[in-house]
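Derivation of every value follows stated rules applied to the coordinates shown; laboratory data play no part. Owing to the predicted nature of the structure, the values given are computational and were not obtained by experimental measurement. When we count neighbours, we look across all protein chains shown, and the Cβ atoms used for this are built from the backbone with ideal geometry, even at glycine.
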Amino acid sequence: MSVILVFLLVIVGFVGWWLSHQRLMAKPWLEQGLIGDIIGPEGSALPTAKIGLGVFLAVVGCLFALFTSAYFMRMALSDWQALPLPRVLWFNTGVLVLSSIALQCASVAARRGEIDAVRLGLVTAGLTALAFLVGQLVAWRELTADGYLLTANPANSFFYLITGMHGLHILGGLVGLGRTTAGAWNGARPERLRLSVELCAMYWHFLLFVWLAIFALLAGWAATFIEICRQLLT
Amino acid sequence: MVDVTPADGVPPAEVAEMELYHPHSWWTKYVFSQDAKVIAIQYSATATAIGMVALVLSWMMRLQLGFPGTFDFITPEAYYQFITMHGMIMVIYLLTALFLGGFGNYLIPLMVGARDMVFPYVNMLSYWIYLLAVLVLVSSFFAPGGPTGAGWTLYPPQAIMTGTPGGQDWGIILMLVSLILFIIGFTMGGLNYVVTVLQARTRGMTLMRLPLTVWGIFTATVMALLAFPALFVACVMMLFDRALGTSFFMPAIVEMGEQLQHGGGSPILFQHLFWFFGHPEVYIVALPAFGIVSDLISTHARKNIFGYRMMVWAIVGIGALSFVVWAHHMYVSGMHPYFGFFFATTTLIIAVPTAIKVYNWVLTLWRGDIHLTVPMLFALAFIVTFVNGGLTGLFLGNVVVDVPLSDTMFVVAHFHMVMGVAPILVILGAIYHWYPKVTGRMLNEAMGQFHFWVTFLGAYLIFFPMHYIGLMGVPRRYNELTATTVMTESAHDLNAFISIMAFLVGFAQIVFLFNLIWSIRHGREAGGNPWRATTLEWQTSETPPAHGNFGKELPIVYRWAYDYSVPGAKEDFIPQNMPGSFGSSREPA
């Protein structure tokens, strides 16, 4: 369970940092009147939707950290046999990076108000994300064709489970991206479009990060990395 | 005295006004409503309905335990199904849903001075997915083989094997699907509660001016958002094991003389995931109760809460600590002794902030102007009950004491006191307290007093003897114990006594439900602020509050939530939105 505890430690650190800016040492029973004028407006200056997405991504991060924890605990048992990763995963990784870059470009373009560039970026991101999903399915088919079936070994089970869970999150993201893209064509208000594009970009970058982490996990590098850390500590 | 009102008068509220969704038809106003208050009532009604099912299930269990061999329809399989569904419904579908979905939805926007939750559409979806989860759960009663009888902890491998009711039928699958749905629905609601507290507070409402109810629900929601994924992961992996034949949790095992295709999995892995959710869950239920009870005590004792800052810090501290105590549920799983040592230590440390809270409640009562209203009675009963349940927790937190007691009725009595009776007392008190705001009428006082005394005394008459028979060595999880050395004649008599008391307490809840319905029409008119309370929900222009909560303009907050009996003030309470400076005689800053 060490992975999830480290993840939670990061969250606790962030929450602690945030709380330390919230005047928790104040003595509210001695203060009357409008504190708001002294310490600035309530809430954060960030758009509410961004904070909402941030909290949601923390939950998603927690979910994948827990899968990773379970992965390591199950891996320590004797029947574990690592599976060879299909080469197509490298291609998929590249495609997902492209997708993220496209959305970043769309986000920059939205800030400048270049609607054509926004549309181009959104469509590119959508198509590359679809390509990523297709690529993942190809990887699954290759593995099943080579006899690495879901139930044959826990390593296989985890591979399908974790990549599937990640794919589902991409699929959910595509719904949001689809709505944003439709808005870009149907003349959504510029500031609203900009916010939607930024939210999509944020989600995409996060899922790219998650993918890189689970790619490292499934390829076995994460285990090697942790082994090195452990040796350094002992 | 620090008076922080600017010299040039009060500026207008600058909080950005929300775009409210305006319902166009009866359906969107009362059924598919995006108003947090309607959603809160939907959540509460659904949770109460499914909670009644769980109450009846507990009666069935008590029938069997009190009068073994009398009722033919309670087979051993049925008994395990009753246990499982009773536990799961009470913990997740009643307590979690009612505290966060019910009270959270109703109170957060009103108490922080918001028009509504920040994502009303997602909030509505949250309820409908919760309802779907409940329906899936209920459907397992009608599925072939009936609901799962795996125990509420659903431990593999037995949970998905032939010998367990529902293990190879529909029961366990429906249970896991229902839990997964619940978690998805809860996450949607939880995002709303957290972000509303962060972003939608009205002008002047700093974090340290929030009522403790909001602090409790807020912290519990943050914890739930981080803890429920563990249950989600456990459920998905178990669903894979059961439906697709993987071996995440399933070891190599022989069933009915046949080698199963599973092999090599780790049941302990499931226990870690389950309790990584399961222990925070205790505090997910307890923290809102802590918060609500603080407000009830302060209001009905007409006194400011003692040690507000300490209360806030304790809530946050308990929330953080509760993530590093989970393995104290697993002392008997054969873990490394040093692990047990670590988790026993953290478990005992968590008693410190909890004790601080109890002291502060008692010190709030000290020399207060205590009004023994029904909500106050429930709040006082909570303190006593929580101390009782907490003290046996200190026993069980120690490995050497837990190991012999772990499989006895002592544990059942302990967790029912601390996690069942205590939070339910707060829920009941809170309903008596806020019902006038929700409906505009008071609940009937006589029925309320009857309900309180039967529930309070009855709960003790159920669970004190249960501690005792647990110490005698009567094991839990057995549907029938005849002619064993631990089941003496007197233990049997006590069991029968407990069962009769359980029926009595259940009956009192039916009186309460009747009161809820009867008072909607026949209750005394309450007015806007019957308890003369300070917090914002009592200052709305209409009762019950209309869509949008606060008439034309949002309230502006000038003070904390606990200005009761301030010397020099005209009345014994000063609402949070009342400007001006009072109480010059209090201690200087």
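Here are the numbers for the structure shown:
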quantity: Added length on full extension, which subtracts the Cα-Cα distance from 0.36 nm per residue, B:L391 to B:L513; calculated: 40.7 nm
quantity: Compactness relative to 2.2 N^0.38 Å, alpha carbon Rg of segment B:162-265; calculated: 1.60
quantity: Stokes-Einstein D for segment A:84-233, Kirkwood Rh over Cα pairs, 10 °C, 1.306 mPa s (µm²/s); calculated: 96
quantity: Ellipsoid semi-axes in whole angstrom, largest first, where each is sqrt(5λ) of the Cα gyration tensor of the protein assembly as shown; calculated: 41, 39, 24
quantity: FRET efficiency estimate (nearest 0.05) - Cβ-Cβ, A:Q81 to A:L168, R0 35 angstrom; calculated: 0.85
quantity: Sequence-distant residues sharing a close amide H with B:E255 (under 5 Å, placed H); calculated: B:L260
quantity: Per-residue [θ]222 nm for chain B (sum of -39500 (n - 2.57) over DSSP H runs n ≥ 4, rounded to 500); calculated: -19000 deg cm²/dmol
quantity: Fewest-first ranking of B:T221, B:T46, B:T206, using other Cβ atoms within 10 Å as the exposure measure; calculated: B:T206, B:T46, B:T221
quantity: Sequence ranges A:188-201, A:117-130, B:164-177, ranked by mean other-Cβ count within 10 angstrom, highest first; calculated: B:164-177, A:117-130, A:188-201
quantity: Backbone HN-Hα couplings from phi across segment B:106-119 [Karplus 6.51/-1.76/1.60, Hz, Gly and Pro as x]; calculated: 6, 8, 4, x, 5, 6, 8, x, 10, 6, 6, 5, 6, 10
quantity: Computed [θ] at 222 nm, deg cm²/dmol, chain A (DSSP H ≥ 4; -39,500 (n - 2.57); rounded to nearest 500); calculated: -27500 deg cm²/dmol
quantity: Cut-off under 5 Å, modelled amide H: who pairs with A:L85 long-range; calculated: none
quantity: C-alpha center-to-center spacing [segment A:109-166, segment B:329-388] in angstrom; calculated: 48
quantity: Helix A:88-112 axis, angle to chain A major axis (alpha carbon atoms, nearest 10°); calculated: 10
quantity: Label-to-label distance, nm, for residues given as A:V134 and B:A252 (7 Å Cα→Cβ offset); calculated: 4.4
quantity: Longest site-free stretch - chain B; sites: GluC sites (Glu not before Pro), DSSP loop, at most 14 other Cβ within 10 Å; calculated: B:20-479
quantity: For A:C62, A:C229, order by how many other beta-carbon atoms lie within 10 Å, fewest first; calculated: A:C229, A:C62
quantity: Over chain B, equivalent-ellipsoid semi-axes from the Cα gyration tensor in Å; calculated: 42, 26, 24
quantity: Using θ = phi - 60° and Karplus 6.51 cos²θ - 1.76 cosθ + 1.60, couplings along segment B:63-71 (whole Hz; Gly, Pro as x); calculated: 4, 5, 6, x, 10, x, x, 8, 10
quantity: Amide proton proximity set for B:R441, modelled H, under 5 Å, gap of 5+; calculated: B:A526
quantity: Exceeding the 30 Å Cα-Cα cut-off - candidates B:K357/B:K437; B:K437/B:K570; A:K27/B:K37; calculated: A:K27/B:K37
